[in-house]
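For reference, the structure discussed in these notes is given below.
The values are calculated or read from the model by the stated rules, or taken from the named source; none is laboratory data. Bear in mind the structure is a predicted one, so any value in this text is a computation, not a measurement. As a convention, Cβ positions derive from the backbone with ideal geometry for all residues, glycine included, and neighbour counts pool all protein chains shown. Heavy atoms of the whole protein, side chains included, go into the accessibility calculation; ligands, DNA and RNA do not. Shrake-Rupley method; radii C 1.70, N 1.55, O 1.52, S 1.80 Å.
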Amino acid sequence: RPPASQPPRRAAPMAVGSSMDLRVSKALHVRGYDKVRISVIDDGSRSFGGFFDYEAPFAHRWTNLHLHTAIKEIPNGTASFQIAGQHVTVRLPAQGHTARGFLIADPCISSRDFSCAFLEKFKTFERLVDIINTVVGSDEIDYWAILGDNFYESKSPISQMLFSRLSLEVKSKPFLAVPGNHDFWITGGPPGSVSDQLGNGFMQYYAQDTAASLPRAPVPYDFSANPEARQIAAAGNFAFSHQIGDIGFFGYSAAHGWSQLKPYAHDFCAWVNDTASVNTVLILGHWNADNLGCVDASTPNVWAHLRSMPGCKEKLVLYVDGHEHCNEVTEPGHGFMIGGNGQGGACEPQFGFLVLESGPDV
């Protein structure tokens, strides 16, 4: 990073974005620290010359889109790729070293599928584009995350509006995403309707490397759930664990309940126990309480479970969530809510983001 006396390098202004809908997500810890999943979402008309090992139309929902994805190596913390004529450079902080991330939850930039209460008050679209391009696009941020209710989209990804305005520098950073209740049921909870995306659009568009990919590679997700029967996508499609810097991340869907999450949590804590370079455990969830489709899997509840498990309990265990549209400390020293990004809720209208830094000397 540049010396503290130098201002961060700024990315392109809002009017300029990268046309390629690129995702870089950190690969599961079992693949090794130096791996990422690189994905591109498009209409299927482009050829990528064999760069990707899975290329197919979206399954079940948003089927006009195509997902192209593959696991790639980032040796010694940096690697460059030519993807559809664009030069993409991916960087990872050294394993066990300081990492700094940008996190938001519950962002809304349109009222197309669900009302965005403070769309005009906060100019959420314009400001999110400028904030993300400036902050995430700088050399100061190593990863970024959106923690559920991602743009309140059901018919198709409203988020394409945002991603089309983001710089290639932003989209080349590791991106993390977990689903919220509106990512399953647009009205906010079950049983919903047969037109709900039920997590299917979310898992393919935000393109995380999840547990579902391990037994079925190169297919990245489990498409066995039947949305026409109002079945939500399987839990493994949203469960991930990996490391960036000295942080061990555990991401999950609370719509599946603790009984389905528990095996992933035990595996995660066993890995953390064997990984001396992980100093901080960060749980990424959406629900701050057990309601609206969540049973015993709210982020505070999962935090309580993990901080008592061997392997995790010896580390500093933190959590970040949303669901309530407020930005506040919910568990002093441990828990944070960053859900104030355009929606109304239990607090005064709020708009903001969280920057989290962790390192051996922080």
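Data overview
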{"item": "Unmet criterion (only one of (1) open to solvent by less than 50 Å² (accessible area, probe 1.4 Å); (2) under 30 Å from Phe336 (Cβ atoms); (3) in a loop (DSSP other than H, G, I, E, B)) for Ser25", "result": "(3)"}
{"item": "Test set (1) open to solvent by 10 Å² or more (accessible area, probe 1.4 Å); (2) touching a Gly at 6+ places or on another chain (Cβ under 8 Å) - Pro263 fails condition number", "result": "(2)"}
{"item": "Any pair with Cβ under 6 angstrom, 6 or more apart, that starts in segment 42-61 at a residue that is part of a loop (DSSP other than H, G, I, E, B) and ends at one that is surrounded by fewer than 16 Cβ atoms within 10 Å (Cβ to Cβ)", "result": "Asp53/Pro218"}
{"item": "Strands (runs of 3 or more DSSP E) contained entirely in segment 300-347, each with at least 3 residues that are open to solvent by less than 20 Å² (accessible area, probe 1.4 Å)", "result": "316-321, 335-338"}
{"item": "Residues that are more than 19 Å from Gly322 (Cβ to Cβ), assigned to a helix (DSSP H, G or I) and touching a residue at least 40 places away in the same chain (Cβ under 8 Å), drawn from segment 228-257", "result": "none"}
{"item": "Among residues of segment 348-362, those that are surrounded by fewer than 16 Cβ atoms within 10 Å (Cβ to Cβ) and closer than 17 Å to Leu103 by Cα, counted", "result": "3"}
{"item": "Unique match (being in contact with a helix residue (DSSP H, G or I) (Cβ under 9 Å, 6 or more places away or on another chain), among the β-branched types (Val, Ile, Thr), modelled with pLDDT of 95 or more and open to solvent by less than 60 Å² (accessible area, probe 1.4 Å)) among Ile71, Ile38", "result": "Ile71"}
{"item": "The listed residue being of a type in the set (S, T, N, Q), over 17 Å from the mean Cα position of the chain (by Cα) and under 27 Å from Asp142 (Cβ atoms), out of Ser308, Ser259, Ser277, Ser253", "result": "Ser277"}
{"item": "Residue identified as aliphatic (A, V, I, L, M), surrounded by fewer than 24 Cβ atoms within 10 Å (Cβ to Cβ) and under 18 Å from Gly199 (Cα atoms) among Ala239, Ala255, Ala229, Ala276", "result": "Ala229"}
{"item": "In segment 87-141, the residues that are in a strand (DSSP E or B), under 27 Å from Ile158 (Cβ atoms) and either among the small types (Gly, Ala, Ser) or at pLDDT below 95 (or both)", "result": "Gly101"}
{"item": "Selection within segment 125-141 - in contact with a Pro (Cβ under 7 Å, 6 or more places away or on another chain) and either open to solvent by 10 Å² or more (accessible area, probe 1.4 Å) or among the small types (Gly, Ala, Ser) (or both)", "result": "Ser138, Asp139, Glu140"}
{"item": "Qualifying positions in segment 62-82 - over 19 Å from Asp21 (Cβ atoms) and either part of a loop (DSSP other than H, G, I, E, B) or touching a Cys at 6+ places or on another chain (Cβ under 8 Å) (or both)", "result": "Ile74"}
{"item": "Some residue of segment 201-209 being open to solvent by 10 Å² or more (accessible area, probe 1.4 Å), outside any loop (DSSP other than H, G, I, E, B) and hydrophobic (A, V, I, L, M, F, W, C)", "result": "no"}
{"item": "When residues of segment 142-197 are limited to those that are of a type in the set (S, T, N, Q), modelled with pLDDT of 95 or more and open to solvent by 30 Å² or more (accessible area, probe 1.4 Å), the one nearest to His60 (Cα to Cα)", "result": "Ser156"}
{"item": "Conditions (1) within 26 Å of Gly245 (Cα to Cα); (2) touching a Phe, Trp or Tyr at 6+ places or on another chain (Cβ under 6 Å); (3) among the small types (Gly, Ala, Ser); (4) open to solvent by 30 Å² or more (accessible area, probe 1.4 Å): number failed by Ala94", "result": "(2)"}
{"item": "Qualifying residue in segment 120-127 (condition: under 29 Å from Pro93 (Cα atoms) and touching a residue at least 24 places away in the same chain (Cβ under 8 Å))", "result": "yes"}
